[in-house]
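Input: a single structure, listed below in structure tokens.
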Amino acid sequence: MATADSVSLFTGLGLSEHKARETLKNAALSAQLREAATQAQQTLGSAIDKATGTLLYGVASRLRDPRRLPFLVRYVANKKIHTEAQLSAALEYVRSHPLDPIDPVDFERECGVGIEVTPEQIEAAVEVAIQRHRPQLLEERYHFNMGLLMAPCAHVSRRGPGCAQVGGWQDDQARSGHAGGRSLS
């Protein structure tokens with residue numbers, strides 16, 4: 001493919017012209033990105049939006065096993081993988097499962113495919129975290145180690161949209177019997 005065509009294809013994925021030209025300097029990356037873009041266009045039948053293009057670039061630049069490219073591109077193009085966190089989980093999954101076949105049910109569960117986290121679920125998770133540490137938080141106030149609140153909230157889902165895997169929090173909430181309050185006072 002001619003350089004101008006490749007630059008046009010890569011900028012169509014949302015890369016800046018400078019980034020597209022830098023990508024062309026790496027023959028292996030540019031070949032894998034061209035292949036990913038071509039496969040995605042076949043799946044979509046239309047132009048690729050910038051968010052999808054960014055994820056495709058992530059697949060092309062971070063995937064070590066080119067046999068897995070069509071599998072991952074299909075998930076990205078169909079928007080089953082639509083966040084960076086999901087892509088990272090997908091890449092880790094294919095790295096840790098090098099043998100065929102890949103179990104799609106296990107893959108989707110590990111990558112958070114289909115997980116939707118609502119703002120209400122995030123709020124509930126934060127309320128549980130605050131309630132769990134409320135006495136210490138009130139006592140230490142500005143000296144409180146915020147990592148105690150942030151770490152569990154970050155766990156709230158590295159995979160699902162909304163940055164929260166609330167499932168574990170809901171289980172914790174059910175076990176502890178906490179309804180979660182809105183106020184610290």
For the range 35-129 (alpha-carbon point model, no solvent) the Debye-based log₁₀ I(q)/I(0) at q = 0.12 Å⁻¹ works out to -0.41
How would the range 92-155 be classified by its alpha-carbon gyration tensor: rounded, prolate or oblate, with rounded meaning a/c under 1.5 and the a/b versus b/c comparison settling the rest? prolate
With a 1.4 Å probe and all protein chains left in place, how much accessible area per residue does the range 7-111 have, in Å²? 51 Å²
In sequence order, what are the phi-derived ³J(HN,Hα) couplings for the range 72-87 according to the Karplus relation 6.51 cos²θ - 1.76 cosθ + 1.60 with θ = phi - 60°, rounded to whole Hz, with x for glycine and proline? 5, 4, 4, 5, 5, 5, 7, 6, 7, 10, 9, 10, 4, 4, 5, 4
Within straight cross-link reach of K80, meaning Cα distance under 30 Å, which lysines are found once same-chain residues fewer than 8 apart are removed? K19, K50
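Between A28 and R109, how high is the FRET efficiency from 1/(1 + (r/R0)^6) when r is the Cβ-Cβ distance and R₀ = 30 Å? Nearest 0.05.
Efficiency for this residue pair is about 0.45.
The values are calculated or read from the model by the stated rules, or taken from the named source; none is laboratory data. What you see is a predicted model, and the numbers here were worked out from it, not measured in a lab. Cβ coordinates were reconstructed from backbone atoms using ideal geometry, including for glycine residues, and neighbour counts include every protein chain displayed. The accessibility values were calculated without ligands, DNA or RNA, using every heavy atom of the protein model including side chains. Shrake-Rupley method; radii C 1.70, N 1.55, O 1.52, S 1.80 Å.
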